[in-house]
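The values are calculated or read from the model by the stated rules, or taken from the named source; none is laboratory data. Note that the structure is a prediction, hence the values are computed from the model and not measured. Here the Cβ is made from the backbone with ideal geometry for all residues, glycine too, and neighbour counts use every protein chain on show. To get the accessible areas, we keep the full protein, side chains included, count just its heavy atoms, and leave off ligands, DNA and RNA. Shrake-Rupley method; radii C 1.70, N 1.55, O 1.52, S 1.80 Å.
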Amino acid sequence: MAEARFTFLSSDDEYLLLQQGKAWYEKNIVDVEDDLSKDIIDARAGNVSEVEAVISQFTAAAQTLPMFGGPKVVWLRGVTFLGDNQTGRAQGTQDALDALQACLERIDPESVRILITAAPVDRRRTFYKWLMKHGAGEHIAVGKDAGPALLKLIQDECASTGTKMTREAAEVLVGKVNGHTRMVVEEVRKLITYVGKSDEPITADMVISLVPNYGEGDFFEATETFFTFNLQAALAALDRHFFTQKEARPLIASLQGRTRLLIQIRALVDAGDIRLGRQGMAKADLEKSAQRYKTFYGERTEKSNLNVFTQHPFYLSRLAQAATKT
């Protein structure tokens, strides 16, 4: 395959996409000394006229080469008109995208390095498929499939300061913040500050005790500690819970919800539907089992402890450790 003329990154998560875009941009401007050879074009557009203005600005930047030679870098950042919205569906936008495609087809990648980032996107669109086919890049997954991307985000943040975090701690953190990418980064930075310059890695216990819960209100520490089967630690967690909480019913509901998941995981493991390896639960096994038992679970996709297949694979991998102990 010929060298791609541009790089295209898309996602439904703007923050995660921005982080990936920044990493690409910083890498590609290292050997570019002239500031006039670095262009970042804000591609947010609310109507067709704004789309046309953005594409016109991008075309001019991509076709204007540096006066004294050398490479040029252009980042079309935060495209919003590739989504399933009124602006994205407008005929004027489609005509403007034809002009953008014609410009990209003429790009010399040796002279101009192009990055296009877009969120949200409608992956059914013809132009989106053209970008994915002819450009180097990827669609950055979110939701249930965001685990690898979030773990990489954690690893990169730790690596930038020379800090280490155990894999278990990273998986717990993803669960604690409910897959919220911005919170993942902020909490990693807080944990890095906590361990300071010591060689001590960030552990799961640190995450449980220092990181609050985001999104769904699960009583994470008490529930998590209870299923480690460590009586003293569980009693201490209950003491901390009732220091700030008066009601027992929400905690009991949280324990019951976790138990529902453990029962389902244990049944799948005992039936041979799920294999547990060093990296935890295989995503392929989970997807295959979801299809096999679709008759019983239906097509629901919202997260529920009544349906093990709506849960994050990394989260389930951790729960499987407790499920197989009983």
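Applying the set (1) surrounded by fewer than 17 Cβ atoms within 10 Å (Cβ to Cβ); (2) out of contact with any strand residue (DSSP E or B) (no Cβ under 7 Å at 6 or more places or on another chain); (3) not polar (S, T, N, Q) to V184 leaves exactly one unmet item: (1).
Scanning the stretch 302-317 for residues that are touching a Phe, Trp or Tyr at 6+ places or on another chain (Cβ under 9 Å), among the polar types (S, T, N, Q) and not in a helix (DSSP H, G or I) yields one hit, N307.
Rundown of residues vs (1) charged (D, E, K, R); (2) touching a helix residue (DSSP H, G or I) at 6+ places or on another chain (Cβ under 8 Å), yes/no style:
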site	(1), (2)
H241	no, yes
L251	no, yes
T259	no, no
I265	no, yes
F314	no, yes
R318	yes, yes
K325	yes, no
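Scanning the stretch 1-52 for residues that are of a type in the set (V, I, T), closer than 21 Å to R113 by Cα and open to solvent by less than 40 Å² (accessible area, probe 1.4 Å) yields T7, I29, V32, I41.
One residue stands out in the stretch 292-326 among those that are touching a Lys or Arg at 6+ places or on another chain (Cβ under 8 Å), open to solvent by less than 20 Å² (accessible area, probe 1.4 Å) and not small (G, A, S): the one that is modelled with the lowest pLDDT, namely P313. Taken as a whole, the condition of being closer than 26 Å to L36 by Cα and either in contact (Cβ under 8 Å) with a residue 40 or more places away in the chain or open to solvent by 10 Å² or more (accessible area, probe 1.4 Å) (or both) does not apply to P120. Would you call A23 in contact with a Gly (Cβ under 8 Å, 6 or more places away or on another chain), small (G, A, S) and farther than 16 Å from V79 by Cβ? So A23 does not fit the description; no.
Restricting attention to the stretch 253-278, report how many residues are assigned to a helix (DSSP H, G or I) and open to solvent by 90 Å² or more (accessible area, probe 1.4 Å).
Step one: of the stretch 253-278, the residues assigned to a helix (DSSP H, G or I) are 253-270.
The next check asks that each one be open to solvent by 90 Å² or more (accessible area, probe 1.4 Å); those that pass are 256, 260, 263, 270.
Total meeting the criteria: 4.
The residue that is farthest from the chain's Cα centre (by Cα), counting only those in the stretch 81-95 that are crowded, with 21+ Cβ neighbours inside 10 Å and closer than 21 Å to A60 by Cα, is T93.
Okay, residues lined up against (1) at pLDDT below 85; (2) of a type in the set (S, T, Y):
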{"position": "A149", "(1), (2)": "yes, no"}
{"position": "T163", "(1), (2)": "no, yes"}
{"position": "L173", "(1), (2)": "no, no"}
{"position": "V188", "(1), (2)": "no, no"}
{"position": "I208", "(1), (2)": "yes, no"}
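Is the stretch 195-202 home to any residue that is at pLDDT 90 or above and assigned to a helix (DSSP H, G or I)? Looking through the stretch 195-202, at least one residue is at pLDDT 90 or above and assigned to a helix (DSSP H, G or I).
Considered as a group, the residues in the stretch 210-243 that are open to solvent by 70 Å² or more (accessible area, probe 1.4 Å) and of a type in the set (D, E) include one that is modelled with the highest pLDDT, and that residue is D239. Against the criterion of being in contact with a Ser or Thr (Cβ under 8 Å, 6 or more places away or on another chain), at pLDDT below 95 and not aliphatic (A, V, I, L, M), W75 does not qualify. The set of residues from the stretch 151-161 being part of a helix (DSSP H, G or I) and either open to solvent by 50 Å² or more (accessible area, probe 1.4 Å) or modelled with pLDDT under 80 (or both) comprises K152, Q155, D156, A159.
Taking the criterion of being in a loop (DSSP other than H, G, I, E, B) and under 28 Å from the mean Cα position of the chain (by Cα), the residues of the stretch 96-143 that qualify are A119, P120, V121, D122, R123, R124, R125, G135, A141, V142. Here S289 fulfils each of the conditions (1) surrounded by 15 or more Cβ atoms within 10 Å (Cβ to Cβ); (2) part of a helix (DSSP H, G or I); (3) without any contact (Cβ under 8 Å) to a residue 12 or more places away in the chain apart from (3). Within the stretch 60-80, which residues are assigned to a helix (DSSP H, G or I) and either open to solvent by 30 Å² or more (accessible area, probe 1.4 Å) or among the aromatic types (F, W, Y) (or both)? If the condition is that a residue be assigned to a helix (DSSP H, G or I) and either open to solvent by 30 Å² or more (accessible area, probe 1.4 Å) or among the aromatic types (F, W, Y) (or both), then A60, Q63 are the ones that fit.
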